[in-house]
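Accompanying notes for the structure given below.
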Amino acid sequence: MTVSIHTLSQLPLFSGLDKAVLQRIVPYVREIAVAPGRAIVWEGEPCEATYFVIHGLVRTRRMSPHGREQVLAYLGPGECVNLVAALDGKPSPVTVDAVTPTTLYSIACADCRHILEEHGELAHAVLQYLAGEVRRLSDLVESLALYTVRSRLARFLLQYADEKTSPRQWTQEEIATHIGTVREMVGRTLRDFAAEGLIRRQRGRIAIVDRAGLEREASGMG
């Protein structure tokens, strides 16, 4: 499919570029569609491309040698994945897969490096993006190390799982891999939240009833 300069200009990394620069970049970009559950990038594999989410939702995750999974992030429109591997030429550090039907723009890793060498303003945007990634991962480490499962689950519900804003249902297993616990603990804590009037569960969906109370739990002051 033809890549739209307008759509490309809406992506945060490209939003500061003028039309002439975007026109020179467009030939390097291709659009792909990915079905839910399909892998986009495999951890440890050589870098093939950097991807930008146009529509849909993807997740990034790491797997331990013993099969324990940790979800690092859920990323939606405007977000970028596999940029680090494109920059350093090393294997992809995470597995990325589609959670919903997803449309991506992709740029081959070698082309990505070439574009950055040619356009300093884009390189500056990449530095800002990577700084944001460092902060986000630092927050994840803090959450896993310093906050209880109740707090981590409350944060997840506020960010992802309210039925009014979430595009999909979340299984307890998916939530557990994101917040660094096990499915049984998620189920037990969800029941506690429902009994305390913080959430309502119906047909597998979660609705936030007491947002202020859930925000107190998320802060660790519940």
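The values are calculated or read from the model by the stated rules, or taken from the named source; none is laboratory data. Bear in mind that the values here come from a model prediction, so they are computed numbers and not experimental data. With ideal geometry, Cβ positions are generated from the backbone for all residues, glycine too; neighbour counts draw on all protein chains shown. Remember, those area values only see protein heavy atoms, side chains included, never the ligands or the DNA or RNA. Shrake-Rupley method; radii C 1.70, N 1.55, O 1.52, S 1.80 Å.
In the range 147-154, is there at least one residue being of a type outside the set (Gly, Ala, Ser), closer than 19 Å to GLU69 by Cα, under 20 Å from the mean Cα position of the chain (by Cα) and surrounded by 13 or more Cβ atoms within 10 Å (Cβ to Cβ)? Yes: the range 147-154 contains one or more residues that are of a type outside the set (Gly, Ala, Ser), closer than 19 Å to GLU69 by Cα, under 20 Å from the mean Cα position of the chain (by Cα) and surrounded by 13 or more Cβ atoms within 10 Å (Cβ to Cβ). Within the range 1-13, residues that are polar (S, T, N, Q) sit with their Cβ atoms under 8 Å from residues that are part of a loop (DSSP other than H, G, I, E, B), at 6+ positions apart or across chains, in these pairs: SER9/SER15; SER9/LEU17; GLN10/GLY78.
Of everything in the range 159-187 that's part of a loop (DSSP other than H, G, I, E, B) and hydroxyl-bearing (Ser, Thr, Tyr), which residue is modelled with the lowest pLDDT? I'd like the intermediate steps shown before the answer.
Restricting attention to the range 159-187, the residues satisfying the condition of being part of a loop (DSSP other than H, G, I, E, B) are 163-171, 180-182.
Still in the running and hydroxyl-bearing (Ser, Thr, Tyr): 165-166, 171, 181.
On the way: THR165: 66, SER166: 69, THR171: 86, THR181: 86.
Taking the candidates together, the pick is THR165.
All conditions but one from (1) of a type in the set (A, V, I, L, M); (2) buried (at least 17 other Cβ atoms within 10 Å of the Cβ); (3) in contact (Cβ under 8 Å) with a residue 60 or more places away in the chain; (4) farther than 30 Å from PRO27 by Cα apply to VAL186; the one that does not is (3). The residue pairs whose first member lies in the range 35-64 and is within 15 Å of SER106 (Cα to Cα) and part of a strand (DSSP E or B), whose second member is open to solvent by less than 60 Å² (accessible area, probe 1.4 Å) and among the charged types (D, E, K, R), and whose beta carbons are closer than 7 Å, counting only pairs six or more residues apart or on different chains, are ALA39/ASP97; ILE40/ASP97; VAL58/ASP97. Within the range 100-113, residues that are among the charged types (D, E, K, R) reach partners that are open to solvent by 10 Å² or more (accessible area, probe 1.4 Å) with beta carbons closer than 6 Å, at six or more positions or on different chains, in the pairs ASP111/TYR28. Candidates are the residues of the range 203-213 that are touching a residue at least 24 places away in the same chain (Cβ under 8 Å) and under 20 Å from ARG168 (Cβ atoms); the one that is surrounded by the fewest Cβ atoms within 10 Å (Cβ to Cβ) is GLY204. If you go through the range 80-96 and keep only what is surrounded by 19 or more Cβ atoms within 10 Å (Cβ to Cβ) and either of a type in the set (Ser, Thr, Tyr) or touching a Gly at 6+ places or on another chain (Cβ under 8 Å) (or both), you end up with SER92, THR95.
What about VAL94, is it touching a residue at least 12 places away in the same chain (Cβ under 8 Å) and within 17 Å of TYR160 (Cβ to Cβ)? Against the criterion (touching a residue at least 12 places away in the same chain (Cβ under 8 Å) and within 17 Å of TYR160 (Cβ to Cβ)), VAL94 does not qualify.
Yes/no per residue for (1) surrounded by fewer than 18 Cβ atoms within 10 Å (Cβ to Cβ); (2) in contact with a Ser or Thr (Cβ under 9 Å, 6 or more places away or on another chain):
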residue: LEU127; (1), (2): yes, no
residue: GLU133; (1), (2): yes, no
residue: ASP139; (1), (2): yes, no
residue: PHE156; (1), (2): no, no
residue: THR171; (1), (2): yes, no
residue: ILE175; (1), (2): no, yes
residue: LEU190; (1), (2): no, no
residue: ALA195; (1), (2): yes, no
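Looking at the range 91-106, is at least one residue modelled with pLDDT under 80 and over 15 Å from the mean Cα position of the chain (by Cα)? Full working, then the answer.
Taking the range 91-106 first, the residues modelled with pLDDT under 80 are none.
The answer is no; no qualifying residue exists.
The listed residues are GLY78, GLY67, GLY132, and the only one of them that is out of contact with any Cys (no Cβ under 7 Å at 6 or more places or on another chain), outside any helix (DSSP H, G or I) and either of a type in the set (S, T, N, Q) or without any contact (Cβ under 8 Å) to a residue 12 or more places away in the chain (or both) turns out to be GLY67.
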